[in-house]
Amino acid sequence: MEGLGRAVLAEDAVRYRLFAAAGAGGEALLRRCAEAIVVRLAPLLSAYIWQRQPFRLRCVPARGDTPAHIGGTTLFGDNVEDEWFIVYLVREITREFPGLAARIDDNDGEFLLIEAADFLPKWLNPENSDNRVFFYKGELHIIPLSETDEQECDLSAASPTISQALTLLSSRSEEFLAAEPIRAAVNKRISGYPEKIQASFHRAHCYLPAGIVAVLRQRPSLVAPAVQAFYLRDPVDLRACRSFQTFPPDERVMTVVTFTKCLYAQLVQQKFVPDRRSGYTLPLPSHPQYKAYELGMKLAHGFEILCSKCSKVSPDSKRNVLSGPLWERFLSSLKEKHYFKGEMEGSAKYLELLHKAEDYFQQSVTKPESSVEANPGDEILTLLQTTTIDLKELEREAACLPPEDDDSWLEITPDDLDQMLKEGRNESPPSSNEEEQKYDLEAVAESVKAFVSKVSTHEGAEMPWYSN
């Protein structure tokens, strides 16, 4: 049964599947479509930093009632914005590739409907919503219940099959466009992209071993697994940090590291004292660069933990990925799409864009039969063996670093919290009437109490499914 697929999704994971809407599309056609999507998204995703796993498309053969498709599953961990960014990507893919229809769900099931719970028709509920919600031609569609027994596909059962739903979408999609308030609720949640990507970053000064600085120049995305390794450390992990065989503290330089706000918050709010045997010491808290020293020390621990878990693969094994025909086609397509913005080949800006493209390719373009996740420690050690580290140049750059970002956003005031609650309830601007404002706050308190008192099911917390 298709509905059983939901139960196997890990917590904090989102699944996305793109089908040929007309139902006709062999695996070769889907693979070509996946490659075209990857190239189209490269300018957007090459600079993105994922919390746990990247958005990645694979070709999936037909199985049971599920037709062949392209899709994937991404663990987003503590950064739920990764999930909503993927919703944006999926919507835009169906807009630019109108022959595709997309399903997206997570361990809570149809989370798009949960976002628009106040506006759903009364017939729609968690029991009959499977295979009814699709993005198609850039818009959200909902396949309704059968009105008569004479319809082309019998939808009187709890849920249609995906093939039935695709047949209906390809022939009568205008009838199934979700109501405007439903579409508006989902679109509001993903509004602001792609500009919102830059706003999600936080750039901070860090005092780091030169090797880590060189690695991050090549693969900025490795900051995420390093933060996660430190954030989720255990006593066994910290044994590797007593001696720091890979990143000793004797050759450190000041640099700027780009985090996401979620990663930065995870790192800065951890209380941690390094082992005295590690060689990592901190200046007094009154020191003007204390935060940079502390951040660098924590990040170095994360990198050391990753390298302690590596599988000692050959340094050539990763580079081979960037020398095959698929990489050549990918690079050629990027040049055709003006990804390099006219920069001269070999220039600093060209190489920066090339490194980001390589990083994106290794994260997001994998062979369909490959299901083994790459170990970031292997990648780090490979980069260390293949990258020249110019300590003098790094020290010269450290002397004129750009200013770091203000992190006052970490402090949430009561007014900020009130505003977030109001935005979450799609509230109109606050009333000038004091009694109405008081009622609004009481309503918030009551709705929170009602929510927490709900019984949680395998599909997540039970939600109201009101009619318009």
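FYI, it's all coordinate maths here, none of it is from the lab. These numbers come from a predicted model, not from an experiment. Cβ: placed from backbone, ideal geometry, glycine included. Neighbour counts: every protein chain shown.
One quarter of the convex hull surface, Cα atoms only: what value does that give for the stretch 11-95 in nm²?
Orientation-averaged projected area of the Cα hull: 5.9 nm².
In the stretch 13-190, if the dipole is taken from +1 on Lys/Arg beta carbons and -1 on Asp/Glu beta carbons about the Cα centre, which of VAL39, LEU177, TRP50 is farthest to the positive end?
Highest projection toward the positive end goes to VAL39.
What Kirkwood Rh does the stretch 112-243 have if only Cα atoms enter the pairwise 1/r average? Answer in Å.
In the stretch 112-243 this quantity evaluates to 19.4 Å.
Could you tell me the calculated FRET efficiency between ALA117 and ALA36, based on Cβ-Cβ distance and R0 = 41 angstrom, to the nearest 0.05?
0.70
Output the peptides 115-123, 390-398 sorted from most to least packed, where packing is the average of other Cβ atoms within 10 Å over each peptide's residues.
115-123, 390-398
Please give the peptides 270-280, 182-192 ranked by average Cβ packing (other Cβ atoms within 10 Å per residue), highest first, as a rough proxy for protection.
182-192, 270-280
Pulled fully out, how much extra length does the chain show between ALA179 and SER191, if you take 0.36 nm times their separation in residues and subtract their Cα-Cα distance?
2.5 nm is the gain from fully extending ALA179 to SER191.
What residues qualify as long-range amide H neighbours of VAL253, i.e. H under 5 Å apart, gap of 5 or more or another chain, H built at 1.01 Å from N?
Placed amide hydrogens put LEU208, ALA210 under 5 Å from VAL253.
How big is the dipole moment of the stretch 13-190 about its Cα centre under a simple scheme where the beta carbon of each Lys and Arg is +1, that of each Asp and Glu is -1, and everything else is neutral? Debye, nearest 20, please.
Charge dipole, the stretch 13-190, about its Cα centre: 820 debye, nearest 20.
Ratio of Rg to Rh for the stretch 13-190, alpha carbon only, Kirkwood?
0.95
Would you please give the residues with an amide H less than 5 Å from that of PHE76, counting only those at least 5 places away or on a separate chain, with H modeled from the backbone geometry?
Amide H neighbours of PHE76, under 5 Å, 5+ apart: ALA13, VAL14.
In the stretch 225-240, which residues have a backbone nitrogen under 12 Å from the label point lying 7 Å from ASP275's Cα in the Cα-to-Cβ direction?
Within reach of a label on ASP275, which here means backbone N under 12 Å from a point 7 Å along Cα→Cβ, the stretch 225-240 contributes 234-240.
Can you compute 3J(HN,Hα) from phi for each residue in the stretch 49-57, using the Karplus curve 6.51 cos²θ - 1.76 cosθ + 1.60 with θ = phi - 60°, rounded to whole Hz and x for Gly and Pro?
10, 8, 5, 10, 10, x, 5, 9, 9
Ranking request for peptides 296-302, 211-217: highest mean number of other beta-carbon atoms within 10 Å first, then the rest in descending order.
The peptides rank, most packed first, as 296-302, 211-217.
What's the FRET efficiency of GLU343 with ARG172 using the Cβ-Cβ distance as r and R₀ = 56 Å, to the nearest 0.05?
0.75
Stretch LEU351-LYS392 to full length: gain in nm at 0.36 nm per residue minus the Cα-Cα span?
Gain in length upon complete extension: 12.7 nm.
Using the Karplus curve 6.51 cos²θ - 1.76 cosθ + 1.60 with θ = phi - 60°, what ³J(HN,Hα) values do you get for each residue of the stretch 130-135, in whole Hz, with x for Gly and Pro?
Coupling constants for the stretch 130-135: 4, 6, 10, 10, 9, 8 Hz.
So for the pair CYS400, ALA22, with labels modelled 7 Å out along Cα→Cβ, what separation do we get in nm?
5.9
Given LYS309/LYS335; LYS188/LYS349; LYS137/LYS196; LYS122/LYS261; LYS261/LYS337; LYS261/LYS392, which pairs have Cα atoms separated by over 27 Å?
Exceeds cut-off: LYS309/LYS335; LYS188/LYS349; LYS122/LYS261; LYS261/LYS337; LYS261/LYS392.
Apply the Karplus parameterisation 6.51 cos²θ - 1.76 cosθ + 1.60, with θ equal to phi minus 60°, to every residue of the stretch 400-408 and state each ³J(HN,Hα) to the nearest whole Hz, in sequence, with x for glycine and proline.
9, 6, x, x, 7, 6, 6, 10, 5
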